[in-house]
Structure formats: C-alpha cells, structure tokens
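The values are calculated or read from the model by the stated rules, or taken from the named source; none is laboratory data. What you are looking at is a predicted structure, and each value in this text was computed from that prediction instead of being measured. Don't worry about glycine lacking a Cβ; one is built from the backbone with ideal geometry, like all the others, and counts go over all protein chains shown.
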Amino acid sequence: MSEMSKIALVTGASSGIGRNAALSLCKAGWTVIGTGRRQDALDETAAQASGGEMVGIAADVTNEASVDNLFAEIAKRFGKLDFVFNNAGNNVPATNFGDLTLDQWNTVMSVNLNGAFLIANRAYAMMRDQKPSGGRIVNNGSISAHVPRPGSAPYTASKHAITGLTRCISLDGRPLGISCGQIDIGNAASDMTARMSGGVPQADGTMKSEPTMDVQNVGDAVVHMASLSPDANILFITVMANEMPFVGRG
C-alpha cells in the first residue's frame, strides 16, 4: 500500500450489492476493506478483485466489540479511512403489521439501524481524529426510504431512520470535512431480488413480477460518490430499475 492510497470500508461485502461495490472500488484504484460475518465469503470477494488491493476482515456489525476490533485493525493496518459504504442489511418475510413480532422487528433493526449506527459512528470518530481530518460516509437506504411495500414495517422504518441518520451525520460533519450521503436502490439484481421474477406483493393486493437492473449500476454510483472532491457531496441519489413500479400510481 502506498502512502497515497485511498482507503475504503464496505460492509456486507460478502455478496450482492456489497460485493459489487467493493470490487468496483478496487477496480477504481481504492484499497478496500470488505467486512461481513463470514471470512470465507469475504475471501471469495477478495479473490475477484483487480486494480486496488482488497482485504477481508470478518466482523458482526450488531456487536459493539466486534465493530471496535474491526476499526482497531483498520487503524493498525492502514492508519486512516477515507470512505465507508455502510451497506450491511437484512430483512424478514413480509408480515402484516398486526402479526409482526418484536423479535422480527429487532432482527431487522439490529443490523439495518443499530449496525449502521455503529459503523458510521466509529468511522466518523476515526475520520475526525485522523490527520488531516475528513472523509465520506455513504449509507445504503432503499426505495423503501420513500414508499413501503405491503408487510414491510421493520425494513421500511429502518430505512426512514437511515435518512435521518444521513442528514445528521452530514450536518455534524461539516466543520470536520466529513460528508455523508445516501444511496437509495431499487431492484438491483442480486440473490435478494431473485424472488421478484416469481412475483412480489403490490399495493393493490396482487402479486406481480418486477423488473430488475444490473447491480453494476449501483457499484458505479458508489464509486462516483466516493470520488467526489471534498467540497462536494451527493446527499441523496436514487438508482433503480427503470420500469419498476415506483413512480406513478398503481
């Protein structure tokens, strides 16, 4: 690693959007730390990298000690952090609000909100304390940060919360050169969206298949956000399958 290397952290880098974003940043010349729960899957991601260097460091974003160990390792190996794609997330099966359990709610919130907070909080502190201070955090929101799907209360609430978190980090970080933005993604082709070809619940109560887009569109958008000069920020960006049922009335 050269002294001029740009250092990025991507959470949820084991598969899907996180894997693509990590590989896209590497291809653009970044040194990338990919994290997730499974070291073997992170190693698979790293083996596909080209351009910049990628290393996988297993961590559980819901566990404070695990997150602290991750950032201690980043500080030890790289000495700084320039960019974070705060991507890790999960969900539970669609459940009508009246049937939702606290365990289901907590399952989603533990990763999508508490985990996102822990990663952003530790990244912010590291960016604040490094010399010179500064950096950029991009939170993974969702189309659900704008409109819900039926039976998606935990996921939708978590993504609305991410929007508030993004705004507050952006505001608090201004004097320190720390910017924060959010990418809202709609129907990027991945393991998570494979079920859409068989139909997903619509607002009118029907089940319909939905179009998806190449996940590389997300990786390209993340690289663009990461590559902005420090005096610029994309606060919110929506990248979606062009024909998905988002704009319009159903």
Practice task
Considering each residue of region 28-42, count those that are among the charged types (D, E, K, R) and surrounded by 15 or more Cβ atoms within 10 Å (Cβ to Cβ), and give that number.
Solution key: 1
Problem - Whichever residue in region 1-29 is assigned to a loop (DSSP other than H, G, I, E, B) and within 12 Å of Gly219 (Cβ to Cβ) and, among such residues, is farthest from the chain's Cα centre (by Cα) - result: Ala28
Handout entry: Subset of region 116-125 [in contact (Cβ under 8 Å) with a residue 60 or more places away in the chain and out of contact with any helix residue (DSSP H, G or I) (no Cβ under 7 Å at 6 or more places or on another chain)]
Key = Ala123
Practice task
Can you tell me which residue within region 43-84, out of those that are of a type in the set (S, T, N, Q) and part of a helix (DSSP H, G or I), is surrounded by the most Cβ atoms within 10 Å (Cβ to Cβ)?
Solution key: Thr45
Practice task
Check whether at least one residue in region 152-161 is aliphatic (A, V, I, L, M) and buried (at least 22 other Cβ atoms within 10 Å of the Cβ), and report yes or no.
Solution key: no
Problem - Any hit, region 104-112, residues being closer than 21 Å to Gln39 by Cα, in a helix (DSSP H, G or I), modelled with pLDDT of 95 or more and among the aliphatic types (A, V, I, L, M) - result: yes
Practice task
Only residues that are at pLDDT 85 or above and among the polar types (S, T, N, Q): list them for region 202-250, please.
Solution key: Thr212, Gln216, Asn217, Ser227, Ser229, Asn233, Thr238, Asn242
Exercise for the section: Answer yes if at least one residue in region 84-99 is of a type in the set (S, T, N, Q) and over 25 Å from Ser144 (Cα atoms), and no otherwise. Expected result: no
Practice task
Examine region 85-93 for a residue that is in a loop (DSSP other than H, G, I, E, B), modelled with pLDDT of 95 or more and in contact with an Asp or Glu (Cβ under 7 Å, 6 or more places away or on another chain), and state whether such a residue exists.
Solution key: no
Completion exercise
Here the residues within region 126-156 that are under 23 Å from Ser110 (Cβ atoms), outside any loop (DSSP other than H, G, I, E, B) and free of Cβ contacts under 8 Å to residues at least 40 places away in the same chain are Ser144, Ala145, Thr156
Problem - Sole exception among (1) over 27 Å from Asp103 (Cα atoms); (2) surrounded by fewer than 18 Cβ atoms within 10 Å (Cβ to Cβ); (3) at pLDDT below 85 for Gly199, by number - result: (1)
Handout entry: Residue among Asp204, Asp214 that alone is closer than 23 Å to Phe97 by Cβ and either touching a His at 6+ places or on another chain (Cβ under 9 Å) or surrounded by fewer than 16 Cβ atoms within 10 Å (Cβ to Cβ) (or both)
Key = Asp204
Problem - Close pairs from region 65-82: first over 17 Å from Met54 (Cβ atoms), partner of a type in the set (Lys, Arg) and modelled with pLDDT of 95 or more, Cβ under 6 Å, at least 6 apart - result: Val67/Arg122; Phe71/Arg122
Exercise for the section: May I ask you to list the residues in region 205-222 that are in a loop (DSSP other than H, G, I, E, B) and under 14 Å from Gly16 (Cα atoms)? Expected result: Thr212, Asp214, Val215
